[in-house]
Amino acid sequence: MMPANILELNHVHKSFARTETENVTQALSDINFTVRDGEFLSIVGPSGCGKSTIMRLIAGLIFPTAGTIKLNGEVIQGTNPERGMVFQKPTLFPWLTVEQNLTFSARMMNTAKRSEYKSEVERLLEMAGLAEFRHDFPHQLSGGMAQRLALIRTMINQPKVFLLDEPLGALDAFTRMNMQDELLRLWQRSGHIVLMVTHDIDEALYLGTRVLVMAPRPGRIRADLVNDMSYPRSRTSDEFLHWRKRVLEMLDFGHNFN
Amino acid sequence: MERNFNSSDVLDHLTRERLAELESAPRRGLRLFCDYLVCFMPVVFGALALAEYLLVPNLKGNTTTSTYTYFIIALTLTAAAAFVLALVRQKFFYVLRHKAPFYAFVFALLAGYDYMTLKTGTLVLPYFPWADQILNAMWQDRAYLLDCTLNSLKLLFTGYFSGAFLGLLTGTACGCSKTIDYWVSPFTKLIGAIPSPTWIPIVMVIASSLFAGSVFIIALGVWYALTIATITGIRNIDHSFYDAAKTLGAKPHQLVLHVALPFAVPNILQGLTQGMSSACLVLITAEMVGVESGLGWYVSWQKSWAQYGKMYAAIVVLCVVFVAVNWGLNKIRRRLLRWQEGVTQ
């Protein structure tokens, strides 16, 4: 059996230099949490609370000012496809076709020649409903299709940690709810770590096994809640609404809820 | 509007032409007849141009040959062949329907020019020779003109490609590395501010051969255009593309080759077009000033002997060559920029 993956953030601080003044903005202050295989961690909070910064730190796109981030005991140094990231915009390469976008990673790492690779490409295209659009360019895709492609483009590397930075934020409500179910299926099948930033409390509660509620200026963790509602979850059950109220109150909303 | 969509077979196997046909208002009767009439117009105007040449009496003393007759007949026959092809091939019909009015206009221009020079002398010799004279001059001197054309092309492309290659390298290096940009771009700005023909007198004196000197000046202009275009293209990139590529396992050199450069391709192609016009300008200037071969040299040489027919012949060849080169460049551009084309509505 494969050893379980474990992602640890210990006393992580992150500050950014400001362009206009000599001041430094503190984006994250003393972030601590540990995530293991099989956990789906939703991160919610108002804008400016450093949700995306956490994602970028774990992806290795930026480095912490203080503290350590470790995956399986090793300090993260730079990007690596074992920590895959999906952004709010699909960030598909507009000059590549659907299929070329999907195989981009393999071409970068020279793994495209492996025999099982081709069937994996087919399987993912089929799964995302993009098989017949394989020779189209990204601008020809709808928003949902583009984001599904971005998702499978990252999934093809079978990342140990899947970082989702508001990937559904720009989609309409219907596409969004469909994609939430797709995300759940993907995560349940892979069993790996998923971290997802969202500003949508329903989304956070519908998906996560844990919900991290954050507060802004400087970004810090207000609560780390274990969401033990059983899947599939109902967005309208009393339990769900109770959870919703709890999180809203934590974010200083919903005082007039009753 | 009612349309028969019973056979789903047709809708399942739509081609681009069939789609356009289904979605546009159906052309029938008079409309369709007018469309075919327009397609036939070049043939009519070709015949008119021929009649003008053969039937209108020449101004006294002007002599003609049958070269122009053959020329117009050949063009008219081509137009007729295009019309026949349009009758058979639907796709070609749309192309010809679009282009035919202009082709007819070209025949009208030819006839008009012929009338103003050969027939009435409104435009006087020796500055405005009639088309028949130009064609004859071109035919008589064909071997030499071909030689000059090849020399010009050799000079043009040697300079163009070496300049383009170096420009691409410089631009990529400056676009991707701040340190290189710091040291190189002041020189780029300095050299770029000087119009390339300015260098001709200096280089002609210093260079070991006139050919090498001209190559250098042509390359200089192209290099500048490409450097600036590539830098602009790479600078404009949305950094989220780099982020995405990095998380997908791209190493720094791959970010340059697989992200920055493809992103800059539209700008680079624009630079290539700009570079080509600068290269053509410098080529002709250099040939007129120093290089003793090529079309530019031929033009100024014939002018100094007052051989205006031959001069025009060379200018016509120049036009054809430059148009052909730009056409080729455009083809490459369209091919490379397929991903930019919007969905046709």
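Just so it is clear, none of the values below were taken in a lab; they were calculated from the coordinates. For clarity, every value in this text was computed on a predicted model and none was experimentally measured. Using ideal geometry, Cβ is built from the backbone for each residue, glycine included, and neighbour counts are taken over all protein chains shown.
With +1 on the Cβ of every Lys and Arg and -1 on the Cβ of every Asp and Glu, and nothing else charged, how large is the dipole of the stretch A:128-237 about its Cα centre, in debye rounded to the nearest 20?
Computed about the Cα centre, the dipole is about 320 debye.
Divide by every residue of chain B the summed helix terms, -39500 (n - 2.57) for each DSSP H run of at least 4, and state the resulting mean residue ellipticity at 222 nm, rounded to the nearest 500 deg cm²/dmol.
My calculation for chain B gives -25500 deg cm²/dmol from helical runs alone.
Can you give the charge dipole size of the stretch B:8-130 about its Cα centre, rounded to the nearest 20 debye, using +1 on the beta carbon of Lys and Arg and -1 on the beta carbon of Asp and Glu?
Taking the Cα centre of the stretch B:8-130 as origin, the dipole is about 160 debye.
For B:Thr64, enumerate residues with amide H under 5 Å from its amide H, sequence gap 5+ or separate chain, H modeled in the peptide plane.
The list, which skips near neighbours in sequence, is empty: none.
Output wanted: per-residue J couplings in Hz (rounded whole) for the stretch B:213-219, from phi through Karplus 6.51 cos²θ - 1.76 cosθ + 1.60, θ = phi - 60°, x for Gly and Pro.
x, 5, 4, 4, 5, 4, 4
Between B:Arg338 and B:Asn58, what FRET efficiency comes out of the Förster formula 1/(1 + (r/R0)^6) with R0 = 45 Å and r the beta carbon distance, rounded to 0.05?
0.30
Calculate the translational D of the protein assembly as shown in whole µm² s⁻¹ from Stokes-Einstein, where the hydrodynamic radius comes from the Kirkwood formula applied to all Cα pairs, the temperature is 37 °C and the viscosity 0.692 mPa s.
108 µm²/s
Against the globular-protein guess of 2.2 N^0.38 Å, express the Cα radius of gyration of the stretch B:8-130 as a ratio, rounded to two decimals.
1.45
Working only with C-alpha atoms, what are the Rg and Dmax values of chain B, expressed in angstrom?
Cα radius of gyration and Dmax of chain B are 26.6, 82 Å respectively.
If you place +1 on the Cβ of every Lys and Arg and -1 on the Cβ of every Asp and Glu, how big does the dipole about the Cα centre of chain A come out, in debye to the nearest 20?
380 debye
Which part of the stretch B:217-261 falls in the paramagnetic zone of A:Ser190, meaning amide N under 18 Å from the point 7 Å along Cα-to-beta-carbon?
Inside the label zone: B:244-250.
Go ahead and collect, in residue order, the members of the stretch A:158-178 whose backbone nitrogen is under 16 Å from a label point 7 Å along the Cα-Cβ direction of A:Glu82.
In the stretch A:158-178, the label zone of A:Glu82 (backbone N under 16 Å from the point 7 Å along Cα→Cβ) covers A:158-163.
With a sphere of radius 11 Å drawn around the Cβ of A:Pro90, what net charge do the other residues whose Cβ falls strictly inside it have (Lys, Arg +1; Asp, Glu -1)?
+3
Could you tell me whether the stretch B:142-340 comes out rounded, prolate or oblate from its Cα gyration tensor? Rule is a ≥ b ≥ c as square roots of the eigenvalues, rounded for a/c under 1.5, then prolate if a/b exceeds b/c, otherwise oblate.
prolate
Under 11 Å from the 7 Å Cα→Cβ point of B:Trp305, by amide nitrogen: which residues of the stretch B:129-154?
Zone members listed by number: B:141.
Take chain A, connect every pair of alpha-carbon atoms lying under 10 Å apart with a spring to form a Gaussian network, then pick out the residue of A:Thr53, A:Thr111, A:Thr97 with the largest mean-square fluctuation.
Top of the fluctuation ranking is A:Thr111.
State the answer as a single residue: which of B:Met138, B:Val124, B:Ala80 lies farthest towards the positive end of the charge dipole of chain B, with beta carbon charges of +1 for Lys and Arg and -1 for Asp and Glu, about the Cα centre.
Of the listed residues, the answer is B:Ala80.
Within straight cross-link reach of B:Lys310, meaning Cα distance under 24 Å, which lysines are found once same-chain residues fewer than 8 apart are removed?
Counting by Cα, and skipping residues close in sequence, B:Lys310 has these lysines nearby: B:Lys60, B:Lys119, B:Lys154.
Taking amide H positions as placed 1.01 Å from N in the peptide plane, with prolines and chain starts having none, which residues 5 or more places from A:Val197, or on another chain, fall under 5 Å of its amide H?
Sorted by chain and number, the residues that satisfy this are A:Ile43, A:Leu164, A:Asp165, A:Glu166.
At 7 Å along the Cα-to-beta-carbon direction for both A:Ala131 and B:Ile180, put a label point, then send me their distance in nm to one decimal.
Rounded to a tenth, the inter-label distance reads 4.4 nm.
Once you average over the residues of A:57-63, how many Cβ atoms of partner chains fall within 10 Å of each Cβ?
The shielding value for this peptide is 2.
Quick check: pseudo-label points 7 Å beyond the Cα along Cα→Cβ at A:Leu248 and B:Val124, how many nm apart are they?
Roughly 9.3 nm, to one decimal.
Given the options B:Tyr312, B:Tyr68, B:Tyr160, state which has the largest fluctuation in a GNM of chain B using a 10 Å cut-off (strictly under) for Cα springs.
In this elastic network of chain B, the residue with the biggest mean-square fluctuation among B:Tyr312, B:Tyr68, B:Tyr160 is B:Tyr68.
What does the charge add up to near B:Tyr144, with Lys and Arg as +1, Asp and Glu as -1, over the other residues with Cβ less than 15 Å from its Cβ?
-2
Just to check I understand the Karplus step: with θ = phi - 60° and J = 6.51 cos²θ - 1.76 cosθ + 1.60, what whole-Hz values come out for the stretch B:269-279, glycine and proline as x?
5, 5, x, 5, 5, 4, x, 5, 5, 5, 5
Under a point spin-label approximation (7 Å from Cα along Cα-to-Cβ), what is the B:Lys331-A:Arg123 distance to one decimal in nm?
It is 4.4 nm.
So what is the relative contact order of chain B, in percent, for Cα pairs below 8 Å that sit 6 or more residues apart?
17 percent
For the stretch A:180-222, what class follows from the C-alpha gyration tensor (a ≥ b ≥ c being the square roots of its eigenvalues): rounded when a/c is under 1.5, otherwise prolate if a/b is larger than b/c, else oblate?
Since a/c reaches 1.5 and a/b is larger than b/c, the shape of the stretch A:180-222 is classed as prolate.
So what is the diffusion coefficient of chain A in µm² per second by Stokes-Einstein at 37 °C and 0.692 mPa s, using a Kirkwood Rh over Cα pairs?
So the translational diffusion coefficient is about 170 µm²/s.
Under a 10 Å cutoff between Cα atoms, tell me which one of A:Phe104, A:Phe240, A:Phe174 has the largest fluctuation in the Gaussian network model of chain A.
Largest GNM mean-square fluctuation: A:Phe174.
Find which of A:Met109, B:Gly221, B:Ala20 sits farthest along the positive direction of the dipole of the protein assembly as shown, computed with +1 on the beta-carbon of Lys and Arg, -1 on that of Asp and Glu, about the Cα centre.
It is B:Gly221.
What average count of beta carbons from other chains do you get within 10 Å of the Cβ of residues in A:91-104?
Mean shielding by partner chains, rounded to a whole number: 4.
Using a Förster distance of 51 angstrom, determine the FRET efficiency expected from the C-beta separation of A:Val75 and A:Asp181, and round it to 0.05.
With R0 = 51 Å, the Cβ-Cβ based efficiency is 0.90.
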